[in-house]
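Undergrad: Pasting a structure below so you can have a look.
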Amino acid sequence: MTEKIHEALNKAKSLLESKDLDSHAVHLLMEHVTGKSGATLLADLRESLTPEQKTDFWNKTEQLLKGKPVQHIIGTEQFYGLSIEVNKNVLIPRPETEELVFGVLERCRELFPEDGRVADIGTGSGAIAIAIKKEWPDAFVVATDISEPAIEVAKRNAEHNEVEIEFRLGNMTEPIAQEKWDVVVSNPPYITLEESKEMSRTVLDFEPHTALFADDDGLYFYKKLAKSLPPLMNKPALIAVEIGYLQGKAVSSLFQKSFPKARVSVRKDLNGKDRMIFCEIGE
């Protein structure tokens with residue numbers, strides 16, 4: 001029996017909503033299954049799915065209903081206009097992190113008109129490092145992670161997006177010590193264990209907890225960065241980190257203490273929540 005695209009979408013949405021799961025995921029799934037994206041899919045809603053597409057769509061919807069992120073099912077997420085491979089070993093890049101990249105690039109255009117030395121700490125999928133290198137080709141970009149499987153994913157993403165990045169395995173700033181840097185950017189784990197009670201099982205069951213949670217009220221990695229970065233930074237320099245929306249005051253205070261003469265600012269994301277810290281170090 002044939003099934004039209006809009007019929008399958010509506011049915012799948014209802015099933016997801018009945019389980020309190022994100023129903024928007026079915027659109028991404030349908031785009032993946034049919035090869036139609038955005039406006040094309042909307043224009044063809046009354047078309048029938050082929051038998052193969054119908055089977056594929058409902059098999060994958062079954063995985064959605066078990067809470068599996070749609071990005072893991074289709075294998076990719078879009079980030080800063082780039083296709084980024086994701087799996088259970090890396091965090092799925094979020095739109096808020098695109099704002100961090102934008103803020104870094106905006107400041108770097110003023111601070112470093114030509115090239116610069118950039119380190120991305122805890123790179124995961126490599127999304128931040130790759131986006132920066134793509135937009136700033138003359139920069140020398142190093143990306144680190146403590147997870148070997150994550151580094152492997154990041155390497156594939158760099159190759160797929162045709163950028164040259166040096167990947168280093170190791171904990172926090174250890175792989176970049178003994179060198180000087182113009183820019184250090186990081187989206188470290190910052191969620192407290194207490195907050196996990198309110199998180200969706202799509203995140204809890206399928207994304208790496210080492211990339212999500214941090215001890216010390218979520219401040220553990222910021223404290224490590226604030227302590228280890230002073231001897232590693234050039235002048236001028238920029239440090240940029242993503243934060244939890246309640247951490248602005250605490251994290252900005254950590255960096256202000258480590259860099260007393262720097263201009264430390266908290267920036268909000270598009271939802272009006274504190275999301276980024278920029279520490280601008282003068283000459």
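The values are calculated or read from the model by the stated rules, or taken from the named source; none is laboratory data. Quick caveat, the model's predicted, so the values are computed rather than measured. Using ideal geometry, Cβ is built from the backbone for each residue, glycine included, and neighbour counts are taken over all protein chains shown. Heavy atoms of the whole protein, side chains included, go into the accessibility calculation; ligands, DNA and RNA do not. Shrake-Rupley method; radii C 1.70, N 1.55, O 1.52, S 1.80 Å.
Undergrad: Got a number for carbon plus sulfur as a percent of the range 10-167's accessible area, 1.4 Å probe?
TA: Heavy-atom surface of the range 10-167 belonging to carbon and sulfur, 1.4 Å probe: 48 percent.
Undergrad: Can you tell me the accessible area per residue over the range 112-170, all protein chains present, probe 1.4 angstrom, in square angstrom?
TA: Using a 1.4 Å probe on heavy atoms only, each residue of the range 112-170 averages 44 Å².
Undergrad: Same structure, new question: Using only the alpha-carbon atoms, how far is helix 25-34 inclined from the longest principal axis of the chain? Give it as 0 to 90 degrees, nearest 10.
TA: Roughly 70 degrees, rounded to the nearest 10.
Undergrad: Next question, about the same structure. Which residue, Arg46, Arg156, Arg267, tops the fluctuation ranking in a GNM of the chain built on C-alpha contacts under 10 Å?
TA: Highest fluctuation of the listed residues: Arg46.
Undergrad: In whole percent, and with a 1.4 Å probe on the protein chains, what portion of the accessible area of the range 244-283 is carbon and sulfur?
TA: Carbon and sulfur together cover 52 percent of it.
Undergrad: Based on alpha-carbon atoms only, what is the radius of gyration of the range 1-159 relative to the globular estimate 2.2 N^0.38 Å?
TA: Cα-based Rg divided by the globular estimate yields 1.25.
Undergrad: While we're looking at this one, here's another question. Once you've got the Cα coordinates, tell me which of Lys227/Lys273; Lys180/Lys249; Lys155/Lys249 are over 31 Å apart.
TA: Flagged as over cut-off: Lys155/Lys249.
Undergrad: Sticking with this structure for a sec: Using +1 on the beta carbon of Lys and Arg, -1 on that of Asp and Glu, and nothing else charged, what's the dipole of the range 2-149 about the Cα centre, debye to 20?
TA: 500 debye
Undergrad: Suppose every Lys and Arg Cβ carries +1 and every Asp and Glu Cβ carries -1, with no other charges. What dipole size does the range 29-84 come out with about its Cα centre, to the nearest 20 debye?
TA: 140 debye
Undergrad: So what is the relative contact order of the range 1-107, in percent, for Cα pairs below 8 Å that sit 6 or more residues apart?
TA: It rounds to 23 percent for the range 1-107.
Undergrad: With the convex hull built on the Cα atoms of the range 3-83, state its orientation-averaged projected area in nm².
TA: 5.2 nm²
Undergrad: Expressed as a whole number of Å, what is the distance separating the alpha-carbon centroids of the range 244-283 and the range 100-133?
TA: Centre-to-centre (Cα) distance: 17 Å.
Undergrad: With a sphere of radius 14 Å drawn around the Cβ of Val142, what net charge do the other residues whose Cβ falls strictly inside it have (Lys, Arg +1; Asp, Glu -1)?
TA: -3
Undergrad: So, one more: About the Cα centre of the chain, how large is the charge dipole given +1 on each Lys and Arg Cβ and -1 on each Asp and Glu Cβ? Please answer in debye to the nearest 20.
TA: Using Cβ point charges on Lys, Arg, Asp and Glu, the chain gives about 560 debye.
Undergrad: What is the antiparallel percent of DSSP beta bridges lying wholly in the range 35-145, to the nearest 5?
TA: 45 percent
Undergrad: Count the DSSP beta bridges whose two residues both fall in the chain, then state the antiparallel fraction as a percent rounded to the nearest 5.
TA: Roughly 45 percent of the beta bridges in the chain run antiparallel, per DSSP.
Undergrad: Comparing Pro51, Pro175, Pro93, which has the greatest mean-square fluctuation in the GNM of the chain with Cα pairs linked when under 10 Å apart?
TA: Pro51
Undergrad: Here's something else I'd like to know. Once the Cα atoms of helix 148-160 and of the chain are each reduced to a long axis, what angle between those two axes, in degrees from 0 to 90 to the nearest 10, is obtained?
TA: It is inclined by approximately 80 degrees.
Undergrad: Taking every pair of alpha-carbon atoms in the chain, what share in percent sits in each 10 Å bin, from 0 to the bin with the longest distance?
TA: P(r) over the chain, rounded to whole percents: 6, 27, 32, 20, 11, 4, 0, 0.
Undergrad: To make sure I understand the rule: partners must be lysines, Cα under 23 Å from the Cα of Lys36, and not fewer than 8 residues away in the same chain. Which ones qualify?
TA: Partners within reach: Lys4, Lys11, Lys13, Lys54, Lys60, Lys68.
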